[in-house]
1. Could you list, bin by bin from short to long, the percent of Cα-Cα pairs of the range 128-288 in 5 Å steps?
2. For the chain, list the DSSP H helices whose alpha carbon atoms reach 24 Å or more along the long axis and whose average Kyte-Doolittle value is 1.0 or above?
3. Rounded to the nearest 5, what % of the DSSP beta bridges within the range 128-288 are antiparallel ones?
4. Whole-Å semi-axes of the range 133-190's equivalent ellipsoid, largest first, each the root of 5 times a Cα gyration tensor eigenvalue?
5. Suppose a student asked you for the relative contact order of the chain, using Cα pairs under 8 Å spaced at least 6 residues apart; what percent would you report?
6. Taking the Cα centre of the range 2-123 as the origin and placing charges on Cβ (Lys, Arg +1; Asp, Glu -1), which of 22, 7, 56 is farthest toward the positive end of the dipole?
7. Can you classify the range 2-123 as rounded, prolate or oblate using the Cα gyration tensor, where a ≥ b ≥ c are the square roots of its eigenvalues, rounded means a/c under 1.5, and otherwise it's prolate if a/b beats b/c and oblate if not?
8. When the dipole is taken about the Cα centre of the chain, and only Lys, Arg (+1) and Asp, Glu (-1) are charged at their Cβ, what size is it in debye, to the nearest 20?
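Read the figures in this text as sums done on the coordinates, not as results from a lab. Source: prediction; values computed, not measured. Cβ placement follows ideal geometry from the backbone for every residue including glycine, while neighbour counts extend to all protein chains displayed.
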Amino acid sequence: MKNKLNQPVWWLHNTICWSQVVEVVTHLIKHQFRLNISRTEIEQDIRNQQNWQKVIGGLSNYNYQLKIANHYLFVQVVNEKNYALLPEDGYLAVNQFLTKQHKIRDWLRKCWYESKKIRIFDWIIGDEVQAHLFDEPEFVHQMSLFLSQLHHCKIELPSLNIENHLYKYYRKALAHSPESRSRLDSILEEALLLSHDFKTKSLCHNDLSSGNLLYGEKLTVIDWEYVSVGDPLFDLAGICVNFELNEERQNNLILNYSEKNGIKIDLEKLNKMKSLYQLVAKLWNKIQE
């Protein structure tokens, strides 16, 4: 245990995170993947900085690709500074739980381990989704099918109290940039007015941005920190805003989503949710400055 706790000098995180990585990865390689490699060799590979590649993207976590004996894992070390920005003022360990839900598990990567410090997943080959993919029928089919299955998944999770969430972001942004009070007050006032149309009725991801959507052989959805019972049109609005979808791409996505759900989208409400999403993003960006 002494060697595990004595992390290498290049490790930028704390000792607890290092110890958990070593213990979990060693167990996976030996007992889950059953690779013919000794424990000493596994630990040497973990300590070798060249086997760690930082994955660019994401503000809530520090992301890495870890190579062990030609097997690749995705390792997340939690950025605890952003805990207070999450809906429940902290991280809900839901990845392993979600991967057991038959309606949505095919859209997630396998989660092998999850704690408040680290998470370890299978490595997925895929690129971050870009706006041009919304011109491809197969991608739009998968994206709308995922949304439909997600929004029909019956799981008991906390509901997103959008007003509390807005006030939380507002207070954080104001503390970070008190000279911007007038602008922040205006953003909050407008957002609170729009939030009256936000209805919590379906399981939602709430952060469907390019960095959280991977597309290779199939669509994979990652980073579920904001998952909660929320408004499905807020999820849809997030996609429209984050990918700056033009009218044709947006209408195509809406049509596919509507057909899979057997419903008609309230376009007036969708536009309100797009405006609300943009205001939430403005508060988030001010906090991150």
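1. Reading the bins upward from 0: 1, 9, 18, 21, 20, 15, 9, 5, 2, 0.
2. Values: long enough: 267-288 (31 Å, -0.39).
Membrane-span-like by this rule: not one helix.
3. Antiparallel: roughly 90 percent of the beta bridges in the range 128-288.
4. Working: eigenvalues 255, 67, 14 Å².
Values for the range 133-190, descending: 36, 18, 8 Å.
5. Numbers: 399 pairs, mean separation 45.8, N = 289.
Relative contact order here is 16 percent.
6. 22
7. Details: a/c = 1.93, a/b = 1.26, b/c = 1.53.
Oblate.
8. Working: 34 positive and 35 negative charges, 226 e Å.
Using only the charged Cβ atoms, the result is roughly 1080 debye.
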